[in-house]
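Working notes, beginning with the structure itself.
The values are calculated or read from the model by the stated rules, or taken from the named source; none is laboratory data. The structure presented is a predicted model; accordingly, all values stated were derived computationally and were not measured. Heads up, the Cβs are rebuilt from the backbone with ideal geometry, glycines too, and the neighbour counts pull from every protein chain shown. Areas reflect the complete protein model, heavy atoms only, side chains present, ligands, DNA and RNA absent. Shrake-Rupley method; radii C 1.70, N 1.55, O 1.52, S 1.80 Å.
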Amino acid sequence: DIFTREGNTAWQALIGLYQAIVLWETGRPEAAEPICRSALDFFIATGLQRRAILCHLVLARTSYATSQFSAAWEQCEAALGKLSAVEAPLLRYHAHLIMGDLHRSSARRSESYSWYRKARRDLEGLRARLQGEELRIAFMKNGAEVYERLVETCLQGGGRRNADKAFGYME
């Protein structure tokens, strides 16, 4: 309300993005979507690429959560398109993870596995940059998601080779 009265549209958009993230994380993707779209419009208009990419990823997640898979594909592809011009490894990790989820929901096991492997490489690159074991441990708690998906995908493939791969991801 304060930012609205002051006409501070940048902070309104940023807070809108954060609200959308909280709404999505608390299981209210339908409420998150219009707020995030508004923030996305502002970030695109002002050239704030990283924020726009994050909006696309949140919109992809909200669409996925409400079974609007074509909208989720569209938003994730928009994020990946913008990521080609921006160095943002954490955002790239999330985009690759979402693409893996989208392929998994379409029963495309090999494609989902490929995207999850890209996400894992992104995550490992980020982890290597962190200093101190405590930071790595805290960071990996949030990154376990991709390893869970890799294990699940390998186990669905069956066979000894896939079981060995799954065990490697568990380690």
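If you scan the range 1-47, which residues turn out to be of a type in the set (S, T, N, Q) and in contact with a Gly (Cβ under 8 Å, 6 or more places away or on another chain)? Don't jump to the end; show me each part of the working.
Of the residues in the range 1-47, the ones of a type in the set (S, T, N, Q) are 4, 8-9, 12, 19, 26, 38, 46.
Once the filter is applied, which keeps residues that are of a type in the set (S, T, N, Q) and in contact with a Gly (Cβ under 8 Å, 6 or more places away or on another chain), the range 1-47 yields only S38.
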Worksheet item: Could you say which residue among E148, E152, E77, E134 is open to solvent by 70 Å² or more (accessible area, probe 1.4 Å) and modelled with pLDDT of 95 or more?
Response: E77
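Report whether or not A10 is at pLDDT 95 or above, of a type outside the set (D, E) and open to solvent by less than 80 Å² (accessible area, probe 1.4 Å).
Details: at pLDDT 95 or above: no; of a type outside the set (D, E): yes; open to solvent by less than 80 Å² (accessible area, probe 1.4 Å): yes.
Against the criterion (at pLDDT 95 or above, of a type outside the set (D, E) and open to solvent by less than 80 Å² (accessible area, probe 1.4 Å)), A10 does not qualify.
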Worksheet item: Just for the range 13-55: of the residues that are open to solvent by less than 70 Å² (accessible area, probe 1.4 Å) and part of a loop (DSSP other than H, G, I, E, B), which one is nearest to A85 (Cα to Cα)?
Response: G47
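Using the structure shown, decide if R51 is of a type in the set (D, E, K, R) and closer than 26 Å to T153 by Cα. Outline the logic, then answer.
Working: of a type in the set (D, E, K, R): yes; closer than 26 Å to T153 by Cα: no.
So R51 fails the test.
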Practice prompt. Looking only at the range 56-74, decide whether some residue is surrounded by fewer than 17 Cβ atoms within 10 Å (Cβ to Cβ) and within 21 Å of L123 (Cβ to Cβ).
Written response: no
